[in-house]
1. Only one residue in 69, 103 is basic (Lys, Arg), out of contact with any strand residue (DSSP E or B) (no Cβ under 6 Å at 6 or more places or on another chain) and either surrounded by fewer than 19 Cβ atoms within 10 Å (Cβ to Cβ) or modelled with pLDDT under 95 (or both). Which one?
2. Could you pull out the residue among 63, 108 that is of a type in the set (Gly, Ala, Ser) and in a loop (DSSP other than H, G, I, E, B)?
3. Suppose we keep only residues that are among the hydroxyl-bearing types (Ser, Thr, Tyr) and under 21 Å from residue 82 (Cβ atoms) within segment 13-51. Which one would you say is nearest to the chain's Cα centre (by Cα)?
4. For segment 1-37, what are the residues that are of a type in the set (Val, Ile, Thr), touching a residue at least 60 places away in the same chain (Cβ under 8 Å) and under 15 Å from residue 57 (Cα atoms)?
5. Looking for whichever is of a type in the set (D, E, K, R), closer than 23 Å to residue 103 by Cα and at pLDDT 95 or above here; the options are 76, 45. Which one fits?
6. For segment 1-29, how many residues meet the condition of being surrounded by 13 or more Cβ atoms within 10 Å (Cβ to Cβ) and in a loop (DSSP other than H, G, I, E, B)?
7. For segment 71-101, which positions are closer than 16 Å to residue 9 by Cα and part of a strand (DSSP E or B)?
8. Residue 110 - would you say it is more than 20 Å from residue 13 (Cβ to Cβ), at pLDDT 70 or above and of a type outside the set (Phe, Trp, Tyr)?
Amino acid sequence: MKVFLDTNVWLSATIFSGLCEALVTECADRDWLLTSDLIRQEAHEVLTRKFPHVPDATALFDASWSEVRCIADVAEPADDADARLVAAAATAGAELFVTGDQRVLGWASAGAMRLVSPRQAWEILFGSSAQGENQRPPG
């Protein structure tokens, strides 16, 4: 399984405990996660701007992010980072693109890759019918 997490999922996992944190942990433990340098750039910018009161936030993010397989970014469309991330994930063969961004979730598809919310990703990956496991989603 190849799973690409959008910046907002990484940020939520870094700052708050709950579903996104569990997704990062469980997927990373299984070596399923893909990421890109654009995710890191966006995360650093948001953590610095919106969470200055969490002094170790960037270091916490970097510790998790650095353990994940980094894929090549795509340059187009230059004016839409979300579209670039989806294109990079699809090009790398990700099966799931996980995001909380309603605009991205509203897109029809990205080839064979499914665009899903964190809750949907958890149900697909770890729900009662997924891989014979019966884990309850956090949060």
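1. Answer to the selection: 103.
2. On inspection, the qualifying residue turns out to be 108.
3. Applying the filter and picking the extreme gives 35.
4. Within segment 1-37, 7, 9 qualify.
5. It is 45.
6. Going through segment 1-29 one residue at a time, the tally reaches 4.
7. Residues satisfying the conditions are 96, 97, 98.
8. yes
The values are calculated or read from the model by the stated rules, or taken from the named source; none is laboratory data. None of these values were measured; they are calculated from a predicted model. Counting neighbours? That spans all protein chains shown, and the Cβs are built from the backbone with ideal geometry, glycine included.
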